[in-house]
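The values are calculated or read from the model by the stated rules, or taken from the named source; none is laboratory data. Just so it is clear, the structure is predicted and the values come from calculations on it, not from any experiment. Note: ideal-geometry Cβ built from the backbone for every residue, glycine included; neighbour counts use all protein chains shown.
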Amino acid sequence: MLRLERRPSPSKAWSYLTPIVAVVATMIAGGLLFYILGKNPFEAIRTIFWDPLFGEFSSYSRPQLLVKAGPLILIAIGLALGFRAGIWNIGAEGQYIVGALCGAGAALALYPLEAWFIFPLMIVAGALGGMAWGLIPGFLRVRFGTNEILVSLMLVYVAEQLQAAMALGLLRNPDGFGFPGSRNLQQYPSAFNAEIIAGTGMHWGIVAALIAVIMAYITLGKHVLGFQIRLTGEAPRAAGFAGVKTARLVLICLGLSGALAGLAGMFEVAGPAGQVSIDFNVGYGFTAIIVAFLGRLNPLGILLAGLLLALTYIGGELAQLTLGLPSAAIQVFQGMLLFFLLAVDLLTNFRIRLGKMEAV
Amino acid sequence: MDLSAINPVLLIASLMVAATPIMLAAVGELVVEKAGVLNLGVEGMMIVGAIAGFATAVGTESPVLGFVVAALAGAVLSFLFVILTQYALANQVASGLALTLFGLGLSSLMGQSYVGIKPPSTPKLDMGFLSDLPVVGPILFSHDFMVYVGLFIITGTWAVLKYTRVGLILRAVGENHDAAHALGYKVVRVRVLAILFGGACSGLGGAYISLIRVPQWTEGMTAGAGWIALALVVFASWKPWRLLIGAYLYGGITVLQLNAQAAGARIPVEYLSMSPYLITILVLVFMSADRSRAPASLGRIFHASN
């Protein structure tokens, strides 16, 4: 009989190993899934994980890695701060949309003015928009005790409708012959979030993501806010005695993660996506949840996890082109990754022993 | 906008149809939460139920069989949640989210060849003279069988929770799992069964959307119904009869909103479509002041060694 024995303290070694074990397990289960779909599993796995980096079309797909990883990392960093404190913002997708709408709105309001301050203004507008959207569940939780999980998620659906209303109404391109969607910001030099170094995919959003990683690393390790976040997550009662103001922490975490998600949306809409359309969002806000957990809620881990998940996006597209693998298969694959991660995580906190339960 | 175009009898009849999917999912989740488990995977289980039921109904031409398979599919998916939370002792919030993300992906993978197909129609029951009664007939006695199955499940859940030994044990496990364990009740077994029941109900709710409410298959068609069901449980303060009221209120809002769209209200469609979600938030705000009704062990991990 197998039985579980709680470790006196979580295993360091396993906490580093579990993400790797989970990725390997997902590759095996994913290969099985691809086999069921009638594809060669080895070829599919190679197409997803190897070809985008070193294969035939890698000169095209390698820059995409940064383009996709940037928003994932930026959002996941914000989410991880909250998750560590037991504050569950799962509406990042909505904050991402609202940030994009505010950022693009700021630029489109000034069109066709060309000025140096437009892009910084868009950054501020995007961050504030996302922050405002994130603070709604925060404020409601603090003031009324409302569950932030449900409210932040409901606001995703509200944001999606708002996005459609904007693409069809206020932000619609007046020269667009009545088609939905805003002006293309890529053709508006002052607002275009262009590549900093051509051909690398490196744009300002990725710079922001890297800054966020460093700031979060310092905050969690050295700053009193990071200490309060960790304390609240690990021992809420002790945090109360230590003078942590939970309400303040809730607002900070939700506001901050909202602002980062809003920034991600703004950089995306001003760069790779180019315009506000009915569906420019592609679910980064939800995938970022997987990134946050796969990175063990640790900023450096999130950096690696973001790159890996970005790889599955690009590899998935490649597999769709070359092998005809359905795009939903990659979504299943990402979902499985989170499953395996949560399951394997058992080994961090427990030992598995053979034998009967000892009398306590 | 022409409000006189809205027929109150038809409105009430159609709100019962609109309410049924979230009512089914919510009553399942209510039982799960009463047992002390928070399963945020309702949305994922619903949508997998929706496509599983749809595919079966299309394949066999039998809506009834479709619902049976949908319930099974929901339960199978919820078993993944069982493995994670009851045996691997994983965080319930994260596991529920995983279930939803996985379910959304899985459903669109399963549903690829079913887009644009019409399912076999589910006949409305004909109860003879009862269905022919004015006003009462169309409102109460001329629905498809699932509306009555839903009402039966809700009544059954209420009776079992309130009057039976099984219900008492379930509530004990949800209120204080350590005490329940000390009394010799199998905490994990009770929870596993509750989660499977919740999964089956969610599957039924999902299939109701794809087979009767819409009826067709489109990706992501549950559109947050699972999350609204979760909010409904809070609204109902974990009481089945209040769940019924909440579901019908919600159904009424949805139907009114759709009628307003059809009647050509001057507000853009997108803002009307927001209303169910905004109202859900509003309801949560009003109902969350009193958290004392929540099962005391809700969301806590149980391991016999502690």
Open item on the list: Filter segment B:266-275 down to the residues that are buried (at least 19 other Cβ atoms within 10 Å of the Cβ) and at pLDDT below 85 and list them by number.
Closed with: B:E270, B:S273
- [ ] Scan A:T219, A:T200 and give me the residue that is of a type in the set (S, T, N, Q), at pLDDT below 85 and more than 25 Å from A:L108 (Cα to Cα).
- [x] A:T200
Open item on the list: Can you confirm whether B:V255 is crowded, with 19+ Cβ neighbours inside 10 Å and modelled with pLDDT of 85 or more?
Closed with: no
- [ ] Being without any contact (Cβ under 8 Å) to a residue 12 or more places away in the chain and part of a helix (DSSP H, G or I) is the filter; apply it to segment A:240-296 and report the residue that is nearest to A:V158 (Cα to Cα).
- [x] A:R248
- [ ] Check B:A296 against each of (1) within 30 Å of A:N349 (Cβ to Cβ); (2) facing another protein chain (nearest Cβ under 10 Å); (3) not acidic (D, E) and name the one condition it does not meet.
- [x] (2)
- [ ] Search segment A:90-148 for residues being part of a helix (DSSP H, G or I), among the charged types (D, E, K, R) and in contact (Cβ under 8 Å) with a residue 60 or more places away in the chain, and hand back the single one that is nearest to A:L249 (Cα to Cα).
- [x] A:R141
TODO: Count, please, the residues in segment A:132-151 that happen to be within 9 Å of chain B (Cβ to nearest Cβ), of a type outside the set (D, E, K, R) and farther than 16 Å from B:Y277 by Cα.
DONE: 2
TODO: Could you tell me whether segment A:255-278 includes any residue that is within 11 Å of another protein chain (Cβ to nearest Cβ) and over 17 Å from the mean Cα position of the chain (by Cα)?
DONE: yes
Task: Only one of A:G129, A:G178 that is modelled with pLDDT of 90 or more and more than 9 Å from every other protein chain (Cβ to nearest Cβ) - done: A:G129
Open item on the list: So if I check each of B:A289, B:A263, B:A296, which one is farther than 27 Å from B:A35 by Cβ, among the hydrophobic types (A, V, I, L, M, F, W, C) and either modelled with pLDDT of 80 or more or exposed (fewer than 15 other Cβ atoms within 10 Å of the Cβ) (or both)?
Closed with: B:A263
Open item on the list: Among the residues that make up segment A:310-325, is at least one of them of a type outside the set (G, A, S), part of a helix (DSSP H, G or I) and farther than 23 Å from B:L101 by Cβ?
Closed with: yes
- [ ] Given the conditions (1) surrounded by fewer than 24 Cβ atoms within 10 Å (Cβ to Cβ); (2) within 18 Å of A:S152 (Cα to Cα), report the number of the one that A:Y60 does not fulfil.
- [x] (2)
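Conditions (1) over 30 Å from A:T200 (Cβ atoms); (2) within 14 Å of chain B (Cβ to nearest Cβ); (3) among the aromatic types (F, W, Y); (4) not in a helix (DSSP H, G or I), marked per residue:
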| residue | (1), (2), (3), (4) |
| --- | --- |
| A:L4 | yes, yes, no, yes |
| A:P10 | yes, yes, no, yes |
| A:A13 | yes, no, no, no |
| A:L17 | yes, no, no, no |
| A:I20 | no, no, no, no |
| A:V24 | no, no, no, no |
| A:F42 | yes, no, yes, no |
| A:L53 | no, no, no, no |
